[in-house]
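A quick write-up on the structure given underneath.
The values are calculated or read from the model by the stated rules, or taken from the named source; none is laboratory data. This one's a predicted model, so the numbers in the text were calculated from it and none came from an experiment. Cβ sites come from the backbone with ideal geometry, for glycine too, and all protein chains shown count toward neighbours. The accessibility values were calculated without ligands, DNA or RNA, using every heavy atom of the protein model including side chains. Shrake-Rupley method; radii C 1.70, N 1.55, O 1.52, S 1.80 Å.
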Amino acid sequence: MSPGGQGRRGAPRRSDLHSGGFGSTPARRNRLFVDGNGMPAAGEPLPRSDATFSNINPGTSEAEAMAGNSTRVIWGTNISIQDSMSAFKNFLYNFATKYRLWADGATEDETRIMGEAAERREYITMLNDLRRLGVTTFNLDIANLKAYPLTRKLWHQLAAYPQEIIPLMDQTVKDVMVDLALKEMDVLRTEAQRGAHGRDRRGQSILTSDGVVPTANVPDLVGEVEAMTFKVLPFGLDETVNMRDLDPADMDKLVSIKGLVIRATPIIPDMKEAFFRCSACSYGVQVDIDRGKITEPTVCPRDSCKEKNSMQLLHNRCSFSDKQVIKLQETPDNIPDGQTPHSVSLCVYDELVDICKAGDRVEVTGIFRCNPMRVSARQRSQKALFKTYIDVLHVQKVDRKKMGIDMSTVEQEMSEQAADAEQGRHISAEEEEKIKRTASRPDIYELLSRSLAPSVYEMDDVKKGILLQMFGGTNKTFQKGGNPRYRGDINVLLCGDPSTSKSQLLRYVHKIAPRGVYTSGKGSSAVGLTAYVTRDPETRQMVLESGALVLSDGGVCCIDEFDKMNEATRSVLHEVMEQQTVSIAKAGIITTLNARTSILASANPIGSRYNPKLAVPQNIDLPPTLLSRFDLVYLVLDRVDETEDRRLAKHLVGMYLEDNPENASSEEILVS
């Protein structure tokens with residue numbers, strides 16, 4: 001190794017997942033491997049991961065016999081490198097749509113009727129598209145591995161040993177890409193020769209001095225593929241694990257969890273390859289990451305030097321990757337009664353950085369890991385308790401129970417990411433036809449208002465107003481106006497007597513609105529609604545934690561018991577409801593956060609009951625500055641009427657006994 005020959009950066013890798021030890025392509029440069037004491041490893045510098053084999057009897061189930069019978073496996077597992085790569089390559093070439101349809105319950109007759117659609121090789125088409133577009137991430141639905149008979153063993157191994165299987169998949173995808181590039185180059189070369197022979201027949205000589213048709217116009221597709229690093233992003237496990245159910249049995253296994261993003265750190269440079277130079281002889285070596293750590297050489301590996309403690313780290317010659325730490329919290333509907341929400345830390349790398357923001361509901365697939373913690377920074381002794389986190393491989397922002405995101409509210413970058421997330425929501429032809437048929441109906445407004453909280457008795461005007469709020473207006477931007485942007489979100493206030501289903505309407509809107517947040521006025525504070533300053537447990541720096549209004553940016557914030565708020569909490573809503581921003585100046589942090597949200601609030605009048613002898617502003621215990629910011633104010637009154645009370649009683653009894661409400665028995669509603 002020469003001191004100046006180490007300038008090229010290595011291929012980017014995800015945490016400890018890398019495919020450098022496998023594959024048909026030779027390594028581009030030699031690397032140094034050191035032991036735990038920092039001494040150069042004896043013998044040939046082989047990649048330390050999957051080079052040791054021990055179990056001679058890997059056949060433990062019928063599923064394993066399907067993917068090969070090699071007797072050499074990775075130590076501690078039942079994974080054969082050759083058999084796993086061969087099975088996955090077979091899957092990429094031969095998987096057809098019919099296998100997934102059969103796994104979902106379709107019969108052979110039904111797939112035979114579909115014709116070519118059932119025989120389509122979808123992964124070959126996908127890989128060709130990825131290569132032409134220059135995309136290096138390959139989204140793999142694990143359910144397809146389970147549906148294909150020859151990869152049933154691979155499906156079990158991927159869930160149990162993801163750190164060993166995923167690098168094999170990365171290299172297999174690259175090998176298949178090389179094969180596809182060779183085939184396309186052959187086709188292009190044949191077409192070029194046909195065109196050359198056609199020109200030769202017209203009397204134009206195109207032969208070189210060697211008598212060979214030149215192929216300079218054929219691009220080097222194989223070279224382009226060799227220079228790329230492909231990453232397999234698996235998703236689609238059979239079931240998602242609750243955060244409370246994660247235990248040591250899930251360590252180093254593939255898990256899938258759902259939650260609400262509450263905080264995302266800035267991008268952190270994560271070192272993957274360190275470059276050390278000897279201060280005595282200027283000899284340079286490169287050290288790779290091993291299980292999340294980079295061991296510094298204590299002795300110069302050059303035979304003529306052997307100087308101790310002379311190796312210095314050069315940061316500008318090291319290789320880094322983007323890293324981000326995300327805090328994921330349980331969604332409110334999954335929290336058991338009387339318990340506080342649990343949270344888990346996520347580590348995302350490279351392409352997955354900044355793919356989700358605070359307030360998003362996501363489903364992540366990754367490897368559950370643990371790290372030892374030192375008692376203090378100056379001691380080598382470690383704590384008995386380990387810090388757990390999830391090394392994320394795939395992020396999906398899809399929730400079928402939620403409405404779509406308003407593209408006019410969120411910014412352009414977020415709109416593109418939302419559009420990418422919508423690609424994961426598959427709408428069948430029958431659903432699309434039903435949507436178009438419903439949209440063409442003349443009574444679509446009344447139909448949607450009846451479908452909003454159908455269990456709530458009547459209140460048609462209130463439902464229509466809330467429906468308009470959920471669809472929202474359009475944000476206006478004027479070039480010549482003093483304010484370049486005007487809000488299009490509607491704020492609605494429900495004020496009336498107790499027991500008039502105001503809270504039920506808020507709960508229903510919170511469940512279906514995008515980025516919906518529900519809070520109560522008495523249990524909320526000013527910083528809980530906007531943002532509060534806390535100390536990051538890892539970096540020990542002051543950071544901002546988003547409140548309810550910031551988390552519901554682009555959605556609806558439901559505030560119950562609005563009249564029970566104190567004046568300090570209520571004062572922060574003036575800026576949010578008009579300018580749709582939150583200004584912060586705390587602990588040296590001065591910033592303005594976006595809070596482009598619609599507010600749906602419910603309140604009781606003064607004295608808990610509405611007094612018809614007083615005017616409306618005198619009944620509502622809100623200051624005029626705040627009341628004027630509500631675009632729609634509804635009075636929900638409980639009038640004393642025997643006929644209406646009897647109909648309401650029939651409605652409630654019909655719901656409990658027959659699930660047949662009185663006011664919706666004869667009218668059509670939409671069911672999600």
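Quick look at the numbers
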{"quantity": "Qualifying residue in segment 136-151 (condition: of a type in the set (Val, Ile, Thr), closer than 15 Å to VAL176 by Cα, touching a strand residue (DSSP E or B) at 6+ places or on another chain (Cβ under 7 Å) and part of a loop (DSSP other than H, G, I, E, B))", "calculated": "yes"}
{"quantity": "Pairs with Cβ under 7 Å, 6+ apart, first in segment 366-385 and within 30 Å of PRO234 (Cβ to Cβ), second polar (S, T, N, Q) and open to solvent by 90 Å² or more (accessible area, probe 1.4 Å)", "calculated": "PRO372/GLN382; MET373/GLN382"}
{"quantity": "Selection within segment 337-365 - free of Cβ contacts under 8 Å to residues at least 24 places away in the same chain and either under 10 Å from the mean Cα position of the chain (by Cα) or within 20 Å of VAL255 (Cβ to Cβ) (or both)", "calculated": "PRO341"}
{"quantity": "Hits in segment 224-239 - residues which are open to solvent by 30 Å² or more (accessible area, probe 1.4 Å) and small (Gly, Ala, Ser)", "calculated": "ALA227"}
{"quantity": "Qualifying residue in segment 431-445 (condition: of a type outside the set (D, E, K, R), modelled with pLDDT of 85 or more and surrounded by fewer than 17 Cβ atoms within 10 Å (Cβ to Cβ))", "calculated": "yes"}
{"quantity": "Close pairs from segment 244-266: first touching a residue at least 40 places away in the same chain (Cβ under 8 Å), partner open to solvent by 30 Å² or more (accessible area, probe 1.4 Å) and in a helix (DSSP H, G or I), Cβ under 7 Å, at least 6 apart", "calculated": "ASP252/GLN163; LYS253/ALA159; LYS253/ALA160; LEU254/ALA159"}
{"quantity": "Subset of segment 584-627 [in a helix (DSSP H, G or I), out of contact with any helix residue (DSSP H, G or I) (no Cβ under 9 Å at 6 or more places or on another chain) and open to solvent by 10 Å² or more (accessible area, probe 1.4 Å)]", "calculated": "VAL616, GLN618"}
{"quantity": "Residue identified as in a helix (DSSP H, G or I), surrounded by 18 or more Cβ atoms within 10 Å (Cβ to Cβ) and basic (Lys, Arg) among ARG100, ARG112, ARG132", "calculated": "ARG100"}
{"quantity": "Residue satisfying condition, being surrounded by 20 or more Cβ atoms within 10 Å (Cβ to Cβ) and within 30 Å of VAL325 (Cβ to Cβ), within set VAL509, VAL533, VAL517, VAL492", "calculated": "VAL517"}
{"quantity": "Segment 554-578 - residue that is under 16 Å from ALA531 (Cβ atoms) and among the aliphatic types (A, V, I, L, M) and, of those, modelled with the lowest pLDDT", "calculated": "ALA568"}
{"quantity": "Considering residues of segment 628-646 that are in a loop (DSSP other than H, G, I, E, B) and closer than 20 Å to THR500 by Cβ only, the residue least open to solvent (accessible area, probe 1.4 Å)", "calculated": "PHE630"}
{"quantity": "Complete set of residues in segment 425-466 that are assigned to a helix (DSSP H, G or I) and in contact with a Phe, Trp or Tyr (Cβ under 8 Å, 6 or more places away or on another chain)", "calculated": "ASP461, VAL462, LYS464, GLY465"}
{"quantity": "Tally, over segment 506-525, of residues that are in contact with a helix residue (DSSP H, G or I) (Cβ under 8 Å, 6 or more places away or on another chain), within 15 Å of GLU561 (Cα to Cα) and not in a strand (DSSP E or B)", "calculated": "4"}
{"quantity": "Residues (crowded, with 18+ Cβ neighbours inside 10 Å and at pLDDT below 85) located in segment 351-383", "calculated": "CYS356, LYS357, ALA358, GLY359, ASP360, ARG361"}
{"quantity": "Residue count for segment 254-288, restricted to those that are open to solvent by 30 Å² or more (accessible area, probe 1.4 Å), out of contact with any Pro (no Cβ under 7 Å at 6 or more places or on another chain) and in a loop (DSSP other than H, G, I, E, B)", "calculated": "5"}
{"quantity": "Residue tally, condition open to solvent by less than 50 Å² (accessible area, probe 1.4 Å) and under 23 Å from SER499 (Cα atoms), over segment 520-530", "calculated": "3"}
{"quantity": "Condition broken by ASN663, with the remaining ones in (1) in a helix (DSSP H, G or I); (2) surrounded by 11 or more Cβ atoms within 10 Å (Cβ to Cβ); (3) at pLDDT below 80 satisfied", "calculated": "(1)"}
{"quantity": "Residue within segment 459-480 that is open to solvent by 20 Å² or more (accessible area, probe 1.4 Å), among the basic types (Lys, Arg) and at pLDDT 80 or above present", "calculated": "yes"}
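So that you can scan it fast, the table gives a plain yes or no per residue for (1) closer than 15 Å to PHE91 by Cα; (2) in contact with an Asp or Glu (Cβ under 6 Å, 6 or more places away or on another chain); (3) in contact (Cβ under 8 Å) with a residue 24 or more places away in the chain; (4) open to solvent by 10 Å² or more (accessible area, probe 1.4 Å):
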site	(1), (2), (3), (4)
ARG152	yes, no, yes, yes
LEU158	yes, no, yes, no
TYR161	no, no, yes, yes
ILE166	yes, no, yes, no
ASP175	yes, no, yes, yes
VAL178	no, no, yes, yes
MET185	no, no, yes, yes
ALA192	no, no, yes, yes
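Yes/no per residue for (1) under 23 Å from SER598 (Cβ atoms); (2) of a type in the set (A, V, I, L, M); (3) more than 27 Å from the chain's Cα centre (by Cα):
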site	(1), (2), (3)
THR534	no, no, no
MET542	no, yes, no
ALA548	yes, yes, no
SER552	yes, no, no
ASP563	yes, no, yes
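Each row is one residue, and each column tells you yes or no for (1) buried (at least 22 other Cβ atoms within 10 Å of the Cβ); (2) not aromatic (Phe, Trp, Tyr).
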| site | (1), (2) |
| --- | --- |
| GLU545 | no, yes |
| LEU549 | yes, yes |
| ASP553 | yes, yes |
| VAL556 | yes, yes |
| PHE562 | yes, no |
| GLU567 | no, yes |
| SER571 | no, yes |
| VAL576 | yes, yes |
| GLN579 | no, yes |
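Conditions (1) within 24 Å of LEU506 (Cβ to Cβ); (2) touching a strand residue (DSSP E or B) at 6+ places or on another chain (Cβ under 6 Å); (3) not small (Gly, Ala, Ser), marked per residue:
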{"position": "ARG540", "(1), (2), (3)": "no, no, yes"}
{"position": "ALA548", "(1), (2), (3)": "yes, yes, no"}
{"position": "VAL556", "(1), (2), (3)": "yes, yes, yes"}
{"position": "ASP560", "(1), (2), (3)": "yes, yes, yes"}
{"position": "ASN566", "(1), (2), (3)": "yes, no, yes"}
{"position": "THR591", "(1), (2), (3)": "no, yes, yes"}
{"position": "SER602", "(1), (2), (3)": "yes, yes, no"}
{"position": "ALA615", "(1), (2), (3)": "no, no, no"}
